[in-house]
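All remarks here apply to the structure that follows.
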Amino acid sequence: GSQALLMEMLEAEGSSVRAAASAAEALTIIDDWAPDVLIADLQMPREDGYNQLRALRAAGRPDGRTIPAIALMTDPRPDARIRALTAGFQAVVLKPVGRPELLATVARLCRQGTGAS
């Protein structure tokens, strides 16, 4: 599926990737492993990406840092993008996901998260 393709794209660049099928699973993973970036699909079946982000933000990371988050979405309308950014996502990537855009977005958020320029 699309999750496996995203993982392959990121792992090919040397990223360490974990997949979660739900917000609850993502919370468990983050408790054990603090990622540099969260990628949430807003069209997941039986799951709301906005609620997932709220739950993850409420739980926080063990080191207290906010995890930068990318929203994956199929809706290209500006108001959909604005809703995602207003909800707390730092970036929006439209599906189908292009490798260059995804990698550039992840790299930018990783740099911001570490304070590097």
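The values are calculated or read from the model by the stated rules, or taken from the named source; none is laboratory data. Because the structure is a prediction, the values reported are computed rather than measured. Don't worry about glycine lacking a Cβ; one is built from the backbone with ideal geometry, like all the others, and counts go over all protein chains shown. Accessible surface is based on the protein model in full, side chains and every heavy atom, while ligands, DNA and RNA are left aside. Shrake-Rupley method; radii C 1.70, N 1.55, O 1.52, S 1.80 Å.
In this simple spin-label approximation, GLN43 and GLU25 carry label points 7 Å from Cα along the Cα→Cβ vector, and these lie 2.0 nm apart.
For ASP41, the residues whose amide H sits under 5 Å from its own are LEU72, ignoring neighbours fewer than 5 places away on the same chain, with H placed 1.01 Å from N.
Of the listed residues ILE67, ILE29, ILE82, the order by accessible area with a 1.4 Å probe, largest first, is ILE82, ILE29, ILE67.
About the centre of its Cα atoms, the stretch 4-117 shows a dipole size close to 400 debye [charges on the beta carbon of Lys, Arg (+1) and Asp, Glu (-1) only; nearest 20 debye].
Under 5 Å between amide hydrogens, built in the peptide plane, is the criterion, and for VAL92 it picks out ALA71 among residues at least 5 positions away or on other chains. Report summary: the helix-based calculation at 222 nm, which adds -39500 (n - 2.57) for every DSSP H run with n ≥ 4 and divides by the residues of the chain, gives -15000 deg cm²/dmol.
Heavy-atom accessible area for MET44, with the other protein chains in place and a 1.4 Å probe, reaches approximately 40 Å².
Normalised by the number of residues in the chain, the average gap of Cα pairs under 8 Å and 6 or more apart makes the relative contact order 22 percent.
Site pair THR86 and ALA58 shows an inter-label distance of 2.1 nm when each label is modelled 7 Å from Cα along Cα→Cβ. Summing Lys and Arg as +1 and Asp and Glu as -1 over all other residues whose Cβ lies under 13 Å from the Cβ of GLY14 gives a net charge of -4. Across the stretch 66-79, computed HN-Hα scalar couplings (Karplus, 6.51 cos²θ - 1.76 cosθ + 1.60, θ = phi - 60°) run 7, 7, x, 10, 10, 9, 9, 8, 9, 7, x, 5, x, 5 Hz from first to last residue, x flagging Gly and Pro.
Extents of the stretch 1-60, taken as max minus min of Cα coordinates on every principal axis and listed largest first, are 31, 25, 13 Å. With θ taken as phi - 60° and the Karplus curve 6.51 cos²θ - 1.76 cosθ + 1.60 applied, the whole-hertz 3J(HN,Hα) list for the stretch 6-23 is 4, 4, 4, 4, 6, 5, 5, 8, x, 7, 8, 10, 10, 10, 10, 8, 7, 4 Hz, x standing for glycine and proline.
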